């Protein structure tokens with residue numbers, strides 16, 4: 001069965017610094033997709049970044065980038081130049097069909113001014 | 001483009017009452033998902049539709065829960081009768097059908113409190 005594990009319940013980062021959130025997953029599939037979603041206090045689930053497993057190149061979206069290690073089944077999120085607005089709960093998610101999503105338990109990120 | 005729209009944003013009701021949550025997916029998306037989020041269980045997929053047809057409702061907790069999608073632009077999740085343990089945030093998400101559209105886009109959620 002597919003599982004997604006986020007081992008850091010809470011993280012903090014100084015404003016303008018860089019932080020990395022960890023995610024590991026378990027699957028027997030070779031083709032799948034990985035995501036990071038952000039959930040601020042407003043509760044809205046916002047897509048941050050998406051990675052296709054068949055692509056070796058790590059996805060980037062402005063200040064957000066991932067380190068995708070397929071063999072290790074690791075998918076970490078790096079936030080550069082952290083801003084106060086980055087404070088939120090971050091969820092890692094996996095799917096191979098686009099229908100059944102498996103979410104991690106989340107990492108609460110605090111940004112210190 | 002308008003995102004996924006959910007209503008109401010907040011719902012407070014008393015045990016035993018019927019609750020109806022509403023969702024309008026992103027125009028052109030053909031898959032719709034209902035999730036429930038609680039502190040104890042995280043995000044759980046309740047049911048999803050493809051082309052208005054329910055495909056997998058194995059996550060629906062009990063017969064008290066029902067979902068419909070009468071057309072491509074509207075879906076409801078109904079709880080009857082509601083119980084305090086149903087208190088949670090309910091999300092609707094939608095997904096398109098073109099290549100590379102494996103991404104689910106979430107609505108703002110409905111916070112349900114059952115007293």
Q.
Can you find a residue that is more than 14 Å from chain A (Cβ to nearest Cβ) and more than 10 Å from the chain's Cα centre (by Cα) anywhere in region B:91-110?
A. no
Q: Restrict the check to region B:24-41 and report whether at least one residue is in contact with a helix residue (DSSP H, G or I) (Cβ under 6 Å, 6 or more places away or on another chain) and touching a residue at least 40 places away in the same chain (Cβ under 8 Å).
A: no
Q | Test: residue in region B:9-20 that is in contact with a helix residue (DSSP H, G or I) (Cβ under 7 Å, 6 or more places away or on another chain) and touching a residue at least 40 places away in the same chain (Cβ under 8 Å) | A | yes
Q | Answer residue from region A:44-66, given it is within 20 Å of residue A:27 (Cβ to Cβ) and assigned to a strand (DSSP E or B) and is modelled with the lowest pLDDT among those | A | A:52
(Q) Checking residue B:82 against (1) under 10 Å from the mean Cα position of the chain (by Cα); (2) crowded, with 19+ Cβ neighbours inside 10 Å, only one condition comes out false. Which one? (A) (1)
Q.
I'd like the full set of residues that are over 14 Å from residue B:55 (Cα atoms) and in a loop (DSSP other than H, G, I, E, B), limited to region B:22-37.
A. B:25, B:26, B:27, B:28, B:29
Q: Find the residue count for region B:43-58, including only residues that are without any contact (Cβ under 8 Å) to a residue 12 or more places away in the chain and in a loop (DSSP other than H, G, I, E, B).
A: 2
Q. How many residues does region A:16-31 hold that are in a loop (DSSP other than H, G, I, E, B) and touching a strand residue (DSSP E or B) at 6+ places or on another chain (Cβ under 6 Å)?
A. 2
Q. Taking region A:1-39, which residues are surrounded by 15 or more Cβ atoms within 10 Å (Cβ to Cβ) and either within 11 Å of chain B (Cβ to nearest Cβ) or on the phi > 0 side of the Ramachandran plot (or both)?
A. A:4, A:6, A:32, A:33, A:34, A:35, A:37, A:38, A:39
Q. Can you tell me which of B:81, B:61 is outside any strand (DSSP E or B), under 18 Å from residue A:103 (Cβ atoms) and more than 14 Å from every other protein chain (Cβ to nearest Cβ)?
A. B:61
Q.
Of everything in region A:50-99, what is within 14 Å of chain B (Cβ to nearest Cβ), more than 14 Å from the chain's Cα centre (by Cα), in contact (Cβ under 8 Å) with a residue 60 or more places away in the chain and at negative phi? Give them in sequence order.
A. A:96
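The values are calculated or read from the model by the stated rules, or taken from the named source; none is laboratory data. Values in this document were obtained by computation on a predicted structure and should not be read as measured data. Positions of Cβ are generated from backbone atoms using ideal geometry, with glycine treated the same way; all protein chains shown enter the neighbour counts.
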